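The block underneath contains the structure these notes are about, expressed in structure tokens.
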Amino acid sequence: GGNAVNTSVGGAPYGSATSPTALGSGGGTFASPGGLGGGALKLGVTGTLTVAGTLGANGTNGQSSSGGGSGGSLWVSAGTLTGSGTLAANGGASPSGGGGGSGGRINLEGVTTYSFTGQVQALGGTGSSRSLTGSVVFNCACSVAASGSGPAKTSCCCAQARYLRTVFRLPCRSRALR
């Protein structure tokens, strides 16, 4: 989480970027409670996941000069990811004097079709001292289809992803279509 009443950098994002399960940590306390750290959510969907609202593991804001809580973890596995909602593991803010919490970790894996038009965020919270951005990882599956005598055609959600400020794209894992 973020520091209380000082200008040093808050804690760095932690835990695995590719297998995120860590809870966010609480913000530093100064006369008022610091923000709570975000939770952890692992969601496996065998078909299509449509996100119309928010799937979140956000840290909460600190009170007064206390630090914001850091973002938690989202680990989502789905064949198709669609919708226009939000996937978020953002750090909480500090209203005055404290530091914002760092962003958390998001991993999207096994996605073969990515038509999601919403927001994917692991941003640090605002405050008097800077906070660090977390990570968003696309660990996608590829579909490789034979095309007769011509070269194989590859389709991967990594190539379809439109977003991404802080993103790590792991090499696509090939999977033969039948």
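The values are calculated or read from the model by the stated rules, or taken from the named source; none is laboratory data. For clarity, every value in this text was computed on a predicted model and none was experimentally measured. A quick note on method: Cβ atoms are made from the backbone with ideal geometry, for glycine too, and the neighbour counts reach across all protein chains shown. Calculation scope for accessible area: heavy atoms of the full protein, side chains included, ligands and nucleic acids excluded. Shrake-Rupley method; radii C 1.70, N 1.55, O 1.52, S 1.80 Å.
Just a few scattered comments:
- Every residue from the stretch 35-93 that is assigned to a loop (DSSP other than H, G, I, E, B) and of a type in the set (S, T, N, Q): N58, T60, N61, Q63, S64, S65, S66, S70, S84, N90
- Of all residues in the stretch 95-135 being over 25 Å from T46 (Cβ atoms) and assigned to a strand (DSSP E or B), the one that is modelled with the lowest pLDDT: S129
- Taken as a whole, the structure leaves G11 outside the set of residues that are part of a loop (DSSP other than H, G, I, E, B), open to solvent by less than 20 Å² (accessible area, probe 1.4 Å) and modelled with pLDDT under 95.
- Of all the criteria given as (1) surrounded by fewer than 24 Cβ atoms within 10 Å (Cβ to Cβ); (2) hydroxyl-bearing (S, T, Y); (3) at pLDDT below 95; (4) farther than 18 Å from N139 by Cβ, the one not satisfied by S66 is (1).
- You will find that of G79, G100, the residue that is of a type in the set (G, A, S), more than 14 Å from the chain's Cα centre (by Cα) and surrounded by fewer than 24 Cβ atoms within 10 Å (Cβ to Cβ) is G79 and no other.
- Cβ pairs under 9 Å, 6+ apart, first in the stretch 60-89 and at positive phi, second part of a strand (DSSP E or B) and β-branched (V, I, T): G83/T50; G83/V51
- Residue pairs meeting the criteria (Cβ under 8 Å; at least 6 apart or on separate chains; first over 11 Å from G125 (Cα atoms), in the stretch 101-113; second basic (K, R)): T112/R175
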